[in-house]
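Engineer: Have a look at the structure that comes next, please.
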Amino acid sequence: MAVAIRGARGGGSGGAGAGFRSFFSYRIFVSAMFSLLFIATVTVLLTTRPSTTHQHYQRFRSGGNAYMHGTFVALNSDPLKTRLDLIYRQANDHITLVKAYAAYARKLKLDISRQLKMFDDLAKNFSDITSKPRYKSSLFETDGNLDEDVLRQFEKEVKDRVKFARLLIAESKENYDNQLKIQKLKDTIFAVRELLGKAKKNGAFASSIAAKSIPKSLHCLAMRLVEERISHPEKYKEDLPKSEFEDPDLYHYAIFSDNVIAVSVVVRSVVKNAEEPWKHVFHVVTDRMNLAAMKVWFKMRPVEGGAHVEVRALEDYKFMNSAYVPVLRQIESAKQRFYLEHKMENATKDGSNTKFRYLEHMSMLNHLRFYLPEMYPKLHKILFLDDDVVVQKDLTGLWKIDLSGKVNGAVETCFGSFHRFSQYLNFSHPLIRERFNPKACAWAYGMNIFDLDAWRREKCTETYHNWQNLNVDRALWKSGTLPPGLITFYSLTKSLDKSWHVLGLGYNPSISMDVINNAALIHYNGNMKPWLDIAMNQYKNLWTKYVDNDMEFLQTCNFGV
């Protein structure tokens, strides 16, 4: 038993020695492995360092990425090699960018051959710079330290090319960047719209001035006619009124204008197309200033075919006074208020000048059309004509149309949502909203056959007066004669066939010539009147062919027709 115990102790002592030896052997092995790994790493670094610059050089020439070798250059003891590596990176970045722009330009097939050549040459110059012998020997193929002067010169050349590349890219970027192109296009469209809006406003203003101004030739004509009256008073004695002026069996026309040549064209075009011109009577009303010129014209150039012309002044109608006519009261009141509240030097500074324009629209020659029954008490029907119309067919058929008890026969102008009552009247006002339909169709002034008996029966002039008094502050409609006309003859207007009256020759260049040729009457409504230089050439000859070119004063005044 004692032997067994010693044997057990001996066995335990031998196991501990073996474990110690095993642990010691393991630590020696690990230390040896780390030492070998360190020696191997140092060996690799020492053997690869001399060729690092050359590898960078090869990758730079082939357009590779020098950044992959930045770690090895950074470990190099020469700090100039780190600087050279940074130059590599900058140059390679710009080579890639230049090539990308060149490739994109080729893909788009843009017409920029000069730029494409510059991109290609620039990419090639970046690569070829390293081929210079001086740089190859001093920077890329040397195992020693770099020459700082050579590196500085190399850096300068690379930076010059980088600067040029950036300028070229910045100049060309908008051609290749879709976002920039879209934004530039938007800016251009906005600028063009702004210019177009200004041009439209300026054009409308200039056109308005041209339309409302008296042309030099027209002023000359009026002066020549007045001079003729003064020089030969015996020739132009007042004639006694003719019985035809009040004969209800004849065809009567009302023309209110201060434009001599325009009135003569209207009368001449009617007579030349009338089957029985001696049955046509023209009642011309003008202002006192143009009365003499108008009378002399029709004395010197009597109407052909035996037609009759009566020329009178607005002032001859004694009922046209402010006590009876609301418009006259409003004109006088507005003038007094305006001149009391504003000095003349400030009048032109009023941005809107709406009061001036309002007074102009309220010209009594325009509003005289609402007093036809009082002006011609013995007549049953009368055809009202504007002075900017031309008649192309016999109009006597208008007197034969049954107006079915209506007062006004006119051509309607609405189509779609255009030229409805809502465009002329203020339907936000309760008086308008309660009495009229905003979708009711508007009609045209300029050729209107009026049943004067029905007018008197319906008391249309009184209706006009009532509404004109209500609109003293222009809350119901702004200006003009059409809105009060639409109100006065609401539900009292009979629609005529559109071929009787074709409008728009003073503003619309797209009217079909077939429509014009089939029309009984064409209307130059708008600013481009046929006697003005701004008239549309495609329509002007339709008016000029009725101008009496044999009239000596037209030739003297160089009337451009």
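Engineer: Quick one: in region 500-518, of everything that is aliphatic (A, V, I, L, M) and crowded, with 19+ Cβ neighbours inside 10 Å, which residue is nearest to LYS393 (Cα to Cα)?
Structural biologist: The qualifying residue nearest to LYS393 (Cα to Cα) is VAL502.
Engineer: Follow-up question, since we're still on this one. The conditions are (1) open to solvent by 60 Å² or more (accessible area, probe 1.4 Å); (2) at pLDDT 85 or above; (3) in contact with a helix residue (DSSP H, G or I) (Cβ under 7 Å, 6 or more places away or on another chain), and LEU180 fails exactly one of them. Which is it?
Structural biologist: Failing condition for LEU180: (2).
Engineer: Considering region 484-499 alone, what residues qualify as being part of a loop (DSSP other than H, G, I, E, B) and open to solvent by less than 10 Å² (accessible area, probe 1.4 Å)? First the steps, then the outcome.
Structural biologist: Step one: of region 484-499, the residues part of a loop (DSSP other than H, G, I, E, B) are 489-492, 496-497.
Within region 484-499, PHE489 is the sole residue that qualifies.
Engineer: Determine the pairs where a residue that is touching a residue at least 60 places away in the same chain (Cβ under 8 Å), located within region 284-309, has a partner that is part of a loop (DSSP other than H, G, I, E, B) with Cβ atoms under 7 Å apart, the partner being 6 or more residues away or on another chain.
Structural biologist: Between residues of region 284-309 that are touching a residue at least 60 places away in the same chain (Cβ under 8 Å) and residues that are part of a loop (DSSP other than H, G, I, E, B), the close pairs are THR286/SER257; THR286/ASP258; ASP287/ASP258; ASN290/ASP258; ARG301/ASP548; ARG301/MET551; HIS308/LYS242.
Engineer: Before we move on, is GLY526 touching a Phe, Trp or Tyr at 6+ places or on another chain (Cβ under 8 Å) and at pLDDT 95 or above?
Structural biologist: Judged against the criteria, GLY526 is not a match.
Engineer: Of everything in region 512-527, what is of a type outside the set (Gly, Ala, Ser) and either farther than 17 Å from ALA444 by Cβ or assigned to a loop (DSSP other than H, G, I, E, B) (or both)? Give them in sequence order.
Structural biologist: Correct list: MET513, ASP514, ASN517, ASN518, TYR524, ASN525, ASN527.
The values are calculated or read from the model by the stated rules, or taken from the named source; none is laboratory data. Given the structure is predicted, the values throughout are model-derived calculations rather than measurements. All Cβ positions, glycine included, derive from the backbone under ideal geometry; neighbour counts span all protein chains shown. Heavy atoms of the whole protein, side chains included, go into the accessibility calculation; ligands, DNA and RNA do not. Shrake-Rupley method; radii C 1.70, N 1.55, O 1.52, S 1.80 Å.
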